[in-house]
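Asker: I am attaching a structure below and will ask some questions about it afterwards.
The values are calculated or read from the model by the stated rules, or taken from the named source; none is laboratory data. Just so it is clear, the structure is predicted and the values come from calculations on it, not from any experiment. Cβ placement follows ideal geometry from the backbone for every residue including glycine, while neighbour counts extend to all protein chains displayed. For accessibility, only protein heavy atoms count, side chains too; no ligands or nucleic acids. Shrake-Rupley method; radii C 1.70, N 1.55, O 1.52, S 1.80 Å.
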Amino acid sequence: MNSLPGSIQTSRTNQQRPLISVIVPAYNAEDFILEALRSITAQDYEPLEILLVDDGSTDGTADLVRREMPTVRIIRQDNTGVAEARNTGLRNACGEFICLLDADDGWCPGKLHAQVQYLQQHPQTGAVYHAWQVWRPDAEGNFVSMPAPVVADSTAIDPALSGWIYPQLLMDCIVHTSTIMMRREFVEQLGFFRAELINGEDYDYWLRLSRLTRIDKLVGVYSFYRGSPGSLTNSVKPVNYEYNVVSAAAAKWGLAAPDGRALAAVDFQRRLGKLAFDFAYRHYRWGSARIARRAALQAWRHDPRRYNALLFWLASFFRRETGPTVQS
């Protein structure tokens with residue numbers, strides 16, 4: 001992408017704190033948005049630039065934030081999806097370090113201090129993320145009594161999930177969006193989120209970032225993620241985005257990280273086989289027999305040990321077609 005707008009003063013004294021830009025995309029988020037934003041302002045860190053990108057909300061999200069948190073900069077746009085909302089934030093961010101926070105997530109105290117301290121002490125690292133916890137609703141769907149997070153040594157990292165983590169990312173999307181802090185220089189090199197990806201745009205971004213720089217993981221839990229149980233219908237998509245993102249990365253860059261460490265080909269084929277099989281299973285359950293059939297055969301081709309994929313392939317011929325039949 002083109003260079004992000006806004007100048008950054010590079011002649012700060014060591015006593016001055018670098019500017020952090022926090023980008024918060026939001027769509028009809030009035031139920032949780034204040035909690036998310038207050039978890040930023042409660043960080044006891046200045047200076048902060050908070051950019052709320054209202055992605056065409058039809059509820060009172062923007063009015064609520066304008067009234068309750070006037071220091072937050074609100075950028076409104078037509079509803080174009082979370083990827084474009086984050087891209088709008090990137091276009092307007094001026095910080096030396098850039099963070100993302102989803103509107104229904106939140107940060108724990110000490111996050112910004114720990115991440116800035118780590119990046120300042122490790123100039124060879126371009127981004128740092130951290131552990132998080134899932135906050136699940138009760139039986140009535142209410143989010144109450146979130147357990148207190150375990151905050152470890154702010155400079156301790158998980159060595160297995162730190163460094164040139166491209167191979168680890170091929171096996172799992174180990175970076176959660178609301179946990180990462182990136183140096184602006186790498187964001188400028190990297191570009192925007194791919195808006196054509198309805199799902200997996202963040203996964204694609206971390207894979208691309210992992211080709212440019214080390215990404216280290218702090219062991220401390222510094223954020224929470226709301227785990228909302230969706231229905232099967234709502235969770236099923238006609239396109240296997242995760243499979244496509246991982247496959248495209250491997251086709252472009254292979255299985256080796258820039259430092260030479262490589263993922264074994266057999267492990268990667270099993271990973272693709274699992275992604276295809278899980279996709280087949282969801283569509284079989286939903287009634288998309290044709291999609292399930294193609295995905296089951298795809299899973300078996302990647303991993304011939306998956307005999308259950310052949311069983312699903314066979315069973316799909318006897319499954320009544322009730323779901324969508326388009327796959328790309």
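Asker: If the viscosity is 0.890 mPa s and the temperature 25 °C, what Stokes-Einstein diffusion coefficient in µm²/s follows for segment 168-223 when Rh is the Kirkwood radius over Cα pairs?
Answerer: Using the Kirkwood radius from Cα pairs, D works out to 201 µm²/s.
Asker: Pairing the Cα long axis of helix 111-121 with the longest principal axis of the chain, what angle in degrees results, from 0 to 90 and rounded to the nearest 10?
Answerer: 80 degrees
Asker: Gln121 to Leu314: FRET efficiency via 1/(1 + (r/R0)^6), r the Cβ-Cβ distance, R0 56 Å, to the nearest 0.05?
Answerer: Efficiency, rounded to the nearest 0.05: 0.45.
Asker: Find, to one decimal place in angstroms, the Kirkwood hydrodynamic radius of segment 249-317, where the mean of 1/r is taken over every pair of different Cα atoms and then inverted.
Answerer: With all distinct Cα pairs of segment 249-317 included, I get 12.6 Å.
Asker: State in Å² the accessible area per residue of segment 31-90; use a 1.4 Å probe, count heavy atoms of protein chains only, and round to the nearest integer.
Answerer: 46 Å²
Asker: Let me ask you something else. Which aspartates and glutamates have a Cα lying under 16 Å from the Cα of Lys217, excluding residues fewer than 8 positions away in the same chain?
Answerer: Counting by Cα, and skipping residues close in sequence, Lys217 has these aspartates and glutamates nearby: Asp153, Asp158, Asp172.
Asker: Could you give the length gained by full extension between Glu68 and Glu185, i.e. 0.36 nm per residue of separation minus their alpha carbon distance, to one decimal place?
Answerer: 38.8 nm
Asker: Could you give the C-alpha radius of gyration of segment 91-139 expressed as a fraction of 2.2 N^0.38 Å, taking N as the number of residues it contains?
Answerer: Here the answer is 1.43, to two decimals.
Asker: Between 0 and 90 degrees, rounded to the nearest ten: what's the tilt of helix 265-286 against the longest Cα principal axis of the chain?
Answerer: 80 degrees
Asker: Let me know the charge dipole size of the chain about its Cα centre in debye, to the nearest 20, where only the beta-carbon of Lys, Arg (+1) and Asp, Glu (-1) is charged.
Answerer: 1420 debye
Asker: Moving on. Assign one of three labels to segment 198-284, namely rounded, prolate or oblate, based on the Cα gyration tensor with a ≥ b ≥ c the square roots of its eigenvalues; rounded applies when a/c is under 1.5, prolate when it is not and a/b is larger than b/c, and oblate otherwise.
Answerer: Cα axes put segment 198-284 in the oblate bin.
Asker: For the chain, count all C-alpha to C-alpha pairs, find those more than 37 Å apart, and express that count as a whole percent of the total.
Answerer: 21 percent
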